[in-house]
Every structure is written in structure tokens, then in C-alpha cells.
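Read the structure below first, then the notes.
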Amino acid sequence: MRRPIVAGNWKMNKTAQEAVALVVELKELVSDVKDVEIVLCPPFTALEAVSRCIEGSDICLGAQDMFWEKSGPYTGEVSAEMLLTLGCKYVILGHSERRTHFGETNQTVNRKVKTALESGLVPIVCVGERLEERRSGDAKKVVEDQVTRAFDGVPLGGAERAVVAYEPVWAIGTGLTATPDQAQEVHSHIRQILAELYNAEVAEGIRIQYGGSIKPENARDLFAQQDIDGGLVGGASLKAESFAGIIRGAQL
Ligand code: PEP
């Protein structure tokens, strides 16, 4: 049985002070939730403050990106070790906003996935098709290529710890959500690809989140699908009440 995982991607929002205020409110609202893994991914500048604030709770910390090198002349970048020392367990990799605005490619995602796993971080590997790719009937093919290339050369022992997030680009921040059937179709395809890359047991164990305009009103129907194991939430994770509503939607 896969334990659902709901992660909040705060993107470039919240100062450290604002982040702490949100976490204090959220902790209160979800203090009784045990059967869903909750992950908060604030900006780098708020990681330390959030890390302190969630100490002693079941909430986990994640970052929104990292670089694959260990250290050196890479201005603006942070390493896996830096994130680990702040208490991060997870790192989002290959988010479509990084692919669109910052030149992230399947190849750079693959390097980051390998480094994250070798360092002891759990990557949340984001994949998803653009609107024109869905319209031309290529959604599954695009996602298959992204998954295959992200996991290229990743050994079985690493892959089984990873999380995949299916985020159709046309659904991110647009208010357009994939229907539960549309999402389930791609999720089951991703699981099939993972079974081919590794084996059925590994594929059955890997958690696959859905992301794209999740709200408390649509979360339960999405999470009820057989191959949807929680969500990666952007906008609705910035308010404690709506994020808590989504987390409750993932309760078994
Ligand atoms: C995201 O950025 O990962 C995301 C899913 O955003 P939103 O929930 O705002 O669509």
C-alpha cells in the first residue's frame, strides 16, 4: 500500500517570516493527520526557518531545485549536501517552470536525479506535456520520454525511493485541472514505463503525484484514482486552510 504524499511547492513566494506564520497555522490544522506524508517546499531563503518550525512534527521539508555538483564556482546554485544539512528530505526536480524559464532539460534533470539519490535526498521528478502536445495526441509519448530520460542510468535501489509528479503544463497555475480519468490514464502509463525500466514490484511501490490546479474541491476525486498517490500543489498550498483541505482529500 503506497502512503499518499502531498507536497506544497511555494515557488517564489513567502519571506522566512511569512513562511513561519503559514507553517504555524498549517501545523494546527493537520496535527491529527497521520496517513498522509506532508512535504513543504519553501524557497531556499525560508528553508532554515521552516525546518526549525516543523521540528517535532511529522511534516517533511523539501527544496525546489538543486545543482548536481558538490561545490565550486557555480554562482547562485545550491548543492544536495547544503539542503540535507538544513533538514531537507525531498527536492523537486525538473519542474516545468524550471524547464521553461531556466533551460532545464531532460539531460540536466537526469544528472540532478542521480546526484540527489546518491546524496540521500528523495527527488520529486516532475514530468508533463504541454497543451499543444496533448492536443496533438502526444501526451503519453512526451511523458514516457521524460520519465525514461530522467531515470536513465538510475539503479533500481535509487529509483524505488524516488517520487514522480505528473504535472500537465497546461494545468499548472491555470485553474484548468486534468479530469481524474485524464490524470489516471497518464499515471498508469507512467507506472507501466517504470515497470519496464525496473520491474513490476518497483513500479507498484513508487508514488506518483498529480499536480496542476489542485484545490480542496477537486483533490479527493483525483486522489481516489488507483495510480494517483497524492499531489504536488502550487497556488493552493500558500494558504493553510486550502492546503489542509487538499491534504485531507488524500486521507485513506
Ligand atoms: C506546481 O507548480 O507544481 C503546481 C501544481 O501549481 P498549481 O497547483 O498552482 O497549478
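The values are calculated or read from the model by the stated rules, or taken from the named source; none is laboratory data. Source: prediction; values computed, not measured. Here Cβ is always computed from backbone atoms with ideal geometry, including for glycine, and neighbour counts include all displayed protein chains. These area figures cover heavy atoms from the full protein model, side chains too; ligands, DNA and RNA do not enter into them. Shrake-Rupley method; radii C 1.70, N 1.55, O 1.52, S 1.80 Å.
The table that follows gives values for the structure above.
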read-out	value
Pair list, Cβ under 8 Å, 6 or more apart: region 193-222 residue within 11 Å of the ligand (Cβ to nearest atom) and among the basic types (Lys, Arg), other residue open to solvent by 10 Å² or more (accessible area, probe 1.4 Å) and outside any helix (DSSP H, G or I)	Lys215/Thr177
Flag for Val164 being within 12 Å of the ligand (Cβ to nearest atom) and either loosely packed, with under 15 Cβ neighbours inside 10 Å or of a type in the set (A, V, I, L, M) (or both)	no
Residue within region 209-218 that is over 22 Å from Val142 (Cβ atoms) and in contact with a helix residue (DSSP H, G or I) (Cβ under 7 Å, 6 or more places away or on another chain) present	yes
Filter result (small (Gly, Ala, Ser) and more than 14 Å from Glu185 (Cα to Cα)) within region 105-146	Ala116, Ser119, Gly120, Ser136
Flag if Ser79 is closer than 22 Å to Leu40 by Cβ, touching a strand residue (DSSP E or B) at 6+ places or on another chain (Cβ under 7 Å) and of a type in the set (S, T, N, Q)	no
Which numbered condition Gly103 misses (of (1) buried (at least 18 other Cβ atoms within 10 Å of the Cβ); (2) on the phi > 0 side of the Ramachandran plot)	(1)
Matching residues in region 131-143 - criterion: being part of a helix (DSSP H, G or I), free of Cβ contacts under 8 Å to residues at least 40 places away in the same chain, more than 16 Å from the ligand (Cβ to nearest atom) and not basic (Lys, Arg)	Glu132, Glu133, Val142
Enumeration of residues in region 223-241 that are among the polar types (S, T, N, Q) and more than 10 Å from the ligand (Cβ to nearest atom)	Gln225, Gln226
Only listed residue being out of contact with any Ser or Thr (no Cβ under 9 Å at 6 or more places or on another chain) and of a type outside the set (A, V, I, L, M), chosen from Phe243, Phe223	Phe223
Residues satisfying the stated conditions in region 129-148, i.e. closer than 21 Å to Leu232 by Cα and either more than 18 Å from the chain's Cα centre (by Cα) or open to solvent by 10 Å² or more (accessible area, probe 1.4 Å) (or both)	Arg130, Leu131, Arg134, Ala139, Lys140, Val142, Glu144, Asp145, Gln146, Thr148
Residue check, Gly120 loosely packed, with under 15 Cβ neighbours inside 10 Å and within 23 Å of Phe44 (Cα to Cα)	yes
Residue within region 63-72 that is small (Gly, Ala, Ser) and within 16 Å of the ligand (Cβ to nearest atom) present	yes
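Table: residues versus (1) open to solvent by 40 Å² or more (accessible area, probe 1.4 Å); (2) closer than 22 Å to Gly137 by Cα.
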| position | (1), (2) |
| --- | --- |
| Ile172 | no, yes |
| Ala178 | no, yes |
| Asn199 | yes, no |
| Ala203 | no, no |
| Ala224 | yes, no |
| Gly230 | no, no |
| Gly234 | no, no |
| Arg248 | yes, no |
